[in-house]
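Read-outs throughout are calculated quantities, based only on the coordinates presented, and are distinct from any laboratory measurement. Computed from a predicted structure; not experimentally measured. Positions of Cβ are backbone-derived with ideal geometry, glycine not excepted, and every protein chain shown enters the neighbour counts.
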Amino acid sequence: METAIKAINLTKRYGNFTAVDHINFEVYYGEVFAFLGPNGAGKTTTIKMLTTVTRPTDGTAIVGGYDIVKQPAKVREIIGTVPQEYTSDEDLTGWENLMLVAALYGIPKREARERAAELLDMVELSYAADRRVETYSGGMRRRLEIAMGLINRPVILFLDEPTLGLDAQTRAAIWDYVYRLRKQYGMTIFMTTHYLEEADKYAERIAIIDHGKILAIGTPKELKEKVGGDVVTIEVNGDVNTARKVVEGIDGVTGVTVSNNVITFKVRNGGTAAPVILEALNKLSIRATSITIKEPTMDEVFLEFTGKRLRDEESSTEEFMRFRRTVARARR
Amino acid sequence: MDMVVKLHPLHGLWALTNRELAKWYKVPVILIISLIQPIVWLAFFGKSMNFATMFTSGLNIPGLNIPKQVIDEIASEILKANFGTTDYFSFLAVGMLSFITLFTSLQSGMSIVWDRRLGVLSKLLTTPVPRGNIVMAKVLNSVIRSLVQATIVLVIAILLGMKLNPGLTPLDIVGAYVALTLMSMGFASIFVTLALRSTSWESQMAIMNLLNMPLMFASNSFYPVKSMPWWLKPVAYVNPLTYVNDINRQLLLGVTGLNLLMDFAYLITFAVIFSLIGIVLSWRYLSET
Ligand SMILES: Nc1ncnc2c1ncn2[C@@H]1O[C@H](COP(=O)(O)OP(=O)(O)OP(=O)(O)O)[C@@H](O)[C@H]1O
Ligand SMILES: [Mg+2]
């Protein structure tokens, strides 16, 4: 597969502080790629460099075949962006904002009207199209931002926390549409998110980033396997210690613990390991009364790589409120 | 992208200008408020400082029996020698055209600061619109606003008794507008350029307030350069306002002044140099660091 984005030692320093530290990664055409990381990890800074808003201090990236440092104008023509902060003009209506952005991409008026109507319909803002953006709620503004990012039908779409502060229903609706568009136009999507389950569910590959460095890259499944695979819990009726020895004798089993008559362990693939274990136990006339196989959650993956827990809803809402306050301050 | 659009160099310029203008004509209150100051100057100052009547009404020096006609003659000659006309109100009215243009142009820096603070700028920067056009849209907006406001001030001045040159031709009016356009371009470019990196509207406001009055009073807007102290004269001759007023008084009032061609040459240089500086610096400094 060809690469839509290829970062080569991409670096951004602010004074002595390195926000993004020589990162390398590739995003393939047509895939949904997510940056997952805690506050201040360097996600937004990376997106800003990839979307040519800010220049890298060192290194570069190829976006859609163009070098972000040498051919920024070319890059801008083929990308769409939904930045983390609000970017619509509050004094204009939603419709006017869309038409303005369309004009900046050189989309002919007629075509722009059609697309704007379609996009407003998709984000369910048609009813508010002629209202000043100032009167929109946070969720409405975010939906408008997404529509604005899609108006040029980009080859590569950058979404920086696209569903931040939205309710579950709207989040699902937006992902649904983004996926439909992706199918229709073969769009590549680069996104950052705080929502672990969103990354898990919608991203084909994930990069975990912290302190400006990429700690791991892979499909959600691969990342979970790297953490050590599934957690299996078996409750036995019989000699627990014999059972433990049986379990420990199975290939790939790690971290065996026993409490009362419950054995817990990790194994790369719980689904195939379980029958083998049950059979071995059966031979020794030890009966398993219950067995559960749990895939590791993204939360555990995240903890493993960053040493931190990402408290989903909470941190994002907090972030969102902080952001709202910033805007309120700027407006005074 | 399903279609390849060929983007011309001015692409997005009008869309961005229109965005700014839309904010303006949607809220006419702003227009009205910005017109108050020049009109107050005209009505209060222009009508009160009527030098012609000051000299003639009730000027009666004891012991000397000077005929009124002589005093009138002397007064009007003095006025002519200084202002180029006996009609101070019309003299000031022309000054007010550049006054409103200056004030409008100085504000153009503010809007780029707001665009940065409210995030609009970061959106513009991800689109293929040339950076120079983001700057020039602000300048163009300022020019259009200035001309509309100057027209309103001119009409009000005429209603209040401004006397235009009886031999006025359409070309004279075009010339006056060109002068105002050039001045607005130059000043708007300077202030947009100063604001390219700024996120503080307070500092922008401070620069505005610091400069508007000195620029007004170090020009021939209120009084002729001749009557200035020697140290102020060179400043007035650098100040573009002086040339705009000189052109407009010659064209609109028919008074004599400096060489018109030189006036225009000065203003064109002023406008072109600062527009170019604005465009060139925008490539480098509009993006985030
Ligand atoms: N203009 C700037 N000047 C100085 N430091 C900056 C600037 N922009 C970002 N930083 C710093 O760079 C680091 C990375 O910021 P960035 O916005 O990329 O984080 P992020 O991963 O997007 O975080 P969040 O989840 O909070 O959005 C932060 O420590 C931030 O303070
Ligand atoms: Mg961020």
Is region B:249-256 home to any residue that is among the basic types (Lys, Arg) and either part of a strand (DSSP E or B) or free of Cβ contacts under 8 Å to residues at least 12 places away in the same chain (or both)?
no
Any chance region A:69-81 includes a residue that's within 16 Å of ligand 1 (Cβ to nearest atom) and within 24 Å of the chain's Cα centre (by Cα)?
yes
Residue satisfying condition, being more than 27 Å from residue B:83 (Cα to Cα), within 14 Å of chain A (Cβ to nearest Cβ) and among the small types (Gly, Ala, Ser), within set B:282, B:275, B:203:
B:282
Quick check on my filter: what residues within region A:1-47 are surrounded by 15 or more Cβ atoms within 10 Å (Cβ to Cβ), outside any strand (DSSP E or B), more than 14 Å from chain B (Cβ to nearest Cβ) and within 16 Å of ligand 2 (Cβ to nearest atom)?
A:37, A:38, A:41, A:42, A:43
Considering only region A:230-254, state which residues are surrounded by 14 or more Cβ atoms within 10 Å (Cβ to Cβ) and within 26 Å of residue A:299 (Cα to Cα).
A:230, A:231, A:232, A:233, A:234, A:235, A:253
Is region A:208-215 home to any residue that is among the small types (Gly, Ala, Ser) and away from ligand 2 (no atom under 16 Å from the Cβ)?
no
Members of region A:5-24 found to be touching a residue at least 24 places away in the same chain (Cβ under 8 Å) and within 10 Å of ligand 1 (Cβ to nearest atom), listed by number
A:12, A:13, A:18, A:19, A:20
Filtering region B:260-272 down to residues that are without any contact (Cβ under 8 Å) to a residue 12 or more places away in the chain and within 19 Å of residue B:187 (Cβ to Cβ), which residue is nearest to ligand 1 (Cβ to nearest atom)?
B:272
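Tally time: how many residues in region A:69-79 are more than 8 Å from chain B (Cβ to nearest Cβ) and buried (at least 24 other Cβ atoms within 10 Å of the Cβ)?
So the count comes out to 1.
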Hey, does region A:179-188 have a residue that's among the polar types (S, T, N, Q) and touching a Leu at 6+ places or on another chain (Cβ under 8 Å)?
yes
Quickly run through region A:139-169 and pick out the residues that are assigned to a helix (DSSP H, G or I) and away from ligand 1 (no atom under 16 Å from the Cβ).
A:139, A:140, A:141, A:143, A:144, A:146, A:147, A:148, A:149, A:150, A:168, A:169
